[in-house]
Amino acid sequence: MVQSVLSIGGNQGDRLETLRSAVRAIVGLPGVQLVAVSSVYETPPWGPVAQPDFLNAAVVVEVSERLSSLAFLHALQEIENNHGRTRDVHWGPLTLDIDVVVFGSEVSDLPELVLPHPHAHEREFVLVPWLEVDGEAEIPGLGRVDSLMASLDPALVTRKPDLSLM
């Protein structure tokens, strides 16, 4: 099994139910087992497009070695599509976004899949939820998540203790 960390989020429609449904779909994939799901966080949008705040979370799963990182990505993109995901505006509003942050220690620069995720170390909405479920988290080639957080502002993400994905 290969441990993979996913960052999930959305800011359109019923954000919470979409994330709950996405988690169910992810762990329903053949060869995928749930390890942990973070709390739900509300975060401002990333990028220059004016839009509503996101709900975000981290999902840690174990993936069968029979499933390549690229095949896993394609399965996750199908889940996004089933939840109304469109790719019209870069960094625009989304019903559901699922990013593969890490896939074991794999390093990849394929046009379709860059691992580790090229911007994860710059995004509080990725690192804060991940650190919550794995205090020893590391991004291959970049270091420990708690050290990477030193240059970021955790106040940009707000934990929503009244919301749960499970």
Output for segment 126-166, where each listed residue is over 15 Å from Ala57 (Cβ atoms) and polar (S, T, N, Q): Ser147, Ser151
Residue list for segment 107-138, restricted to those being closer than 21 Å to Glu65 by Cβ, in contact with a helix residue (DSSP H, G or I) (Cβ under 9 Å, 6 or more places away or on another chain) and free of Cβ contacts under 8 Å to residues at least 40 places away in the same chain: Ser108, Glu138
Looking at this structure, is Glu132 under 15 Å from the mean Cα position of the chain (by Cα) and more than 13 Å from Leu55 (Cα to Cα)? yes
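Out of segment 116-163, which residues are part of a loop (DSSP other than H, G, I, E, B), of a type in the set (Gly, Ala, Ser) and surrounded by fewer than 13 Cβ atoms within 10 Å (Cβ to Cβ)? Break it down into steps so the answer makes sense when it comes.
Narrowing segment 116-163 to residues part of a loop (DSSP other than H, G, I, E, B): 116-119, 123, 134-137, 140-142, 152-153, 157, 160-163.
Okay, now just the ones that are also of a type in the set (Gly, Ala, Ser), so 135, 137, 141.
Within segment 116-163, Gly135, Gly141 meet the criteria.
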Taking segment 32-74 and keeping residues farther than 26 Å from Arg159 by Cβ and within 14 Å of the chain's Cα centre (by Cα) leaves Phe72, Leu73
Determine if segment 5-13 includes at least one residue that is within 27 Å of Glu136 (Cα to Cα) and among the hydroxyl-bearing types (Ser, Thr, Tyr). yes
Members of segment 47-86 found to be in a loop (DSSP other than H, G, I, E, B) and in contact with an Asp or Glu (Cβ under 9 Å, 6 or more places away or on another chain), listed by number: Asp53, Arg85
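Specify which of the listed residues (Leu67, Leu73) is surrounded by 15 or more Cβ atoms within 10 Å (Cβ to Cβ) and either in contact with a Gly (Cβ under 7 Å, 6 or more places away or on another chain) or among the aromatic types (Phe, Trp, Tyr) (or both). Before the answer, list the steps.
On the way: Leu73 fails: either in contact with a Gly (Cβ under 7 Å, 6 or more places away or on another chain) or among the aromatic types (Phe, Trp, Tyr) (or both).
The conditions single out Leu67.
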So, in segment 70-97, exactly how many residues are in contact (Cβ under 8 Å) with a residue 60 or more places away in the chain and either in contact with a Leu (Cβ under 6 Å, 6 or more places away or on another chain) or over 18 Å from Thr18 (Cα atoms) (or both)? 2
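Does Thr95 meet the test of being part of a loop (DSSP other than H, G, I, E, B), touching a His at 6+ places or on another chain (Cβ under 6 Å) and farther than 18 Å from Val63 by Cβ? Even if it seems obvious, please write down each step before you answer.
Working: part of a loop (DSSP other than H, G, I, E, B): yes; touching a His at 6+ places or on another chain (Cβ under 6 Å): yes; farther than 18 Å from Val63 by Cβ: yes.
Yes, satisfied.
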Just the residues that are assigned to a loop (DSSP other than H, G, I, E, B) and of a type in the set (A, V, I, L, M), please, taken from segment 1-46. Met1, Leu29, Val40
Among the candidates Val60, Val23, Val35, single out the residue that is buried (at least 19 other Cβ atoms within 10 Å of the Cβ) and more than 20 Å from His119 (Cβ to Cβ). Val23
Criterion (on the phi < 0 side of the Ramachandran plot, touching a His at 6+ places or on another chain (Cβ under 7 Å) and in contact (Cβ under 8 Å) with a residue 12 or more places away in the chain) met by exactly one of Ser38, Ser21: Ser21
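Each reported figure results from applying straightforward, stated rules to the coordinates on display, with no laboratory input. What you are looking at is a predicted structure, and each value in this text was computed from that prediction instead of being measured. Note that we place each Cβ from the backbone using ideal geometry, even for glycine, and neighbour counts take in every protein chain shown.
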